[in-house]
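Structure first, commentary second.
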Amino acid sequence: MQIRAHLHTVNCHRRLVRRYCFRLGLIWQGLTHDLSKYSPSEFWRGCKYYQGYRSPNDQERLTKGVSMSWLHHKGKNRHHFEYWIDYCIGPEGEVYMGGCKMPKKYVAEMFCDRIAACRIYQGDKYTDSSAYDYFMQSKGHILIHPETSELIERWLFLLKEEGEASAFQQIREELQK
């Protein structure tokens, strides 16, 4: 078990997200981001499946066919679009599983989370396009509300094209409106 290494990774990730959230004026979200990672159901699995270059949830999923840690995590943290998946009712009354529109403040926290995760796992290979590229790889097969998808994609593209300082400034201005 990689207790110390996993704890270090979680702490570094939270520290980065906190710094990014503060830049956007999301003080409470920065302080409380990913606290569930310290819960026994997430922490001990994270230690057991820790690899250092990707989420331990991926290894748990490969090993067991499901990540119990992830199921707990996504159910506790509103900055994950998976938290917002529910049954939807279509225009003709049909029921289907889909993504609900996320409040903008949680999309902003997701933006911060994706940058921090890419920085942690990619290390020196991180660029301002890393989070955008990661999102675009998964975009076609995830259940995310179209408006939420459009917003996070636009913000990640802004980061990719204009850099961190400009992206954070523009997103902060959007959040204040």
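Details
- Helix-only CD estimate at 222 nm, as mean residue ellipticity for the chain, using -39500 (n - 2.57) per DSSP H run (n ≥ 4): -20000 deg cm²/dmol
- Comparing Cys118, His79, Ala5 along the charge dipole axis of the chain, the residue lying farthest to the positive side is Ala5, per the Cβ-charge model.
- Under 27 Å from Lys37, Cα to Cα: lysines that are on another chain or at least 8 residues apart: Lys48, Lys64, Lys74, Lys76, Lys101, Lys104, Lys105, Lys125, Lys139
- Placing +1 on each Lys and Arg Cβ and -1 on each Asp and Glu Cβ, with no other charges, gives segment 49-112 a dipole about its Cα centre of roughly 320 debye.
- In this simple spin-label approximation, Tyr126 and Lys48 carry label points 7 Å from Cα along the Cα→Cβ vector, and these lie 2.9 nm apart.
- Charged-residue dipole, Cβ positions (Lys, Arg, Asp, Glu), the chain about Cα centre, Debye nearest 20: 860
- Each Lys and Arg Cβ is given +1 and each Asp and Glu Cβ -1; about its Cα centre, segment 77-146 then shows a dipole of about 240 debye.
- Put a dot 7 Å past the Cα of Asp58, heading toward its Cβ, do the same for Gln176, and the two dots end up 3.8 nm apart.
- Placing unit charges on each Cβ (+1 for Lys and Arg, -1 for Asp and Glu) gives the chain a dipole about its Cα centre, and among Ile89, Leu175, Ser41 the Cα reaching farthest toward its positive end belongs to Ser41.
- Span-rule helices in the chain, defined as complete DSSP H runs reaching 20 Å or more along the axis (Cα) with Kyte mean at least -0.5: 104-122, 146-162
- Think of a 1.4 Å ball rolled over the protein heavy atoms: the chain then has 56 Å² of accessible area per residue.
- Within the listed set Pro56, Pro40, Pro91, the residue fluctuating most in the Gaussian network model of the chain (springs between alpha-carbon atoms under 10 angstrom) is Pro91.
- Three-way shape call for the chain based on the alpha-carbon gyration tensor, with the a/c threshold at 1.5: oblate
The values are calculated or read from the model by the stated rules, or taken from the named source; none is laboratory data. Note that the coordinates shown come from a computational prediction; the quantities given were computed from them, not determined experimentally. Positions of Cβ are backbone-derived with ideal geometry, glycine not excepted, and every protein chain shown enters the neighbour counts. Surface accessibility is based on the protein's heavy atoms, side chains included, excluding ligands, DNA and RNA. Shrake-Rupley method; radii C 1.70, N 1.55, O 1.52, S 1.80 Å.
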